[in-house]
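Structure record follows, encoded as structure tokens.
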Amino acid sequence: MIYITGDIHGDIDISKLNIRNFPEQKHLSKQDYLIICGDFGLVWDGSKREKYWLKWLSKKRFTTLFVDGNHENFHALRKIPTMEKFGGIVRQITPSIYHLERGQVFEIDGNKVFVMGGARSHDKIYRKENISWWEDEMPSAQEMEKAIVALNTAHWDVDLVITHCAPRSVQTQIATWYESDALVGFLERLLSHLAFEHWYFGHYHIDRRLGKRFTALYDEVIPVKMQARPIMSTNTENRSDDND
């Protein structure tokens, strides 16, 4: 099984993963996965509090995977060595918590999963650079190029897409005032070519289904239920249902 949820912001919103709020975990094992759509926030300052919650999460029956959001300590995160797992590049935070590197296509529980972390912080004017905000929150041109290479290898056909923010056209459905930055524009370009069954993202602090194939997550922890899908054209003229 794969379950997916939104941002946990360190221990601020981690209560969604306790037994009361996520009772399905009683029936899971380490061969089942919970994916967090960014703003993991538990690789931050190395404090006793942080170590407590990492240990708490590691003891859960499931294995935790996460993409990075905008509220991460990227300097601390990138000090952790990379390794190969699930057919892509990850960072092992603990034996059962893994960071999924940007722009990779992974094989998770029999599904091809494309991930792209990062987002622009709308609150960075209230934060301090390299203390509570990092420029690395936005993917570099090189990271975007790696994503293109990975998707070329996958023939632009995956089962799931996991990101922190949404493509521009989907973000506009949430609120028209959100800034159209380089990353949401990049995701929009991917959307015009990519065949996929469902796209999950966090960042906006809402739980909402947007059309047939997009879900914004925050508090909810939901299972992925894969269905057989037809082969989809990569021609943009045939992709009118992307935002239904």
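Laboratory data are not the source of any read-out in this text; all were calculated from the coordinates shown. Note that the coordinates shown come from a computational prediction; the quantities given were computed from them, not determined experimentally. Counting neighbours? That spans all protein chains shown, and the Cβs are built from the backbone with ideal geometry, glycine included.
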How would HIS164, HIS198, HIS99 line up from fewest to most surrounding beta-carbon atoms within 10 angstrom? HIS198, HIS99, HIS164
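On a full-extension model of 0.36 nm per residue, what is the gain between ILE206 and LYS48, subtracting their alpha-carbon distance, rounded to one decimal in nm?
Details: separation 158, 0.36 × 158 = 56.88 nm, distance 3.01 nm.
Contour length minus the Cα-Cα distance gives 53.9 nm.
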So between LYS26 and ALA76, what do we pick up on full extension, going 0.36 nm a residue minus the alpha carbon distance? 14.8 nm
With the 8 Å Cα cutoff and a minimum separation of six or more residues, region 2-238 has a relative contact order in percent of 21 percent
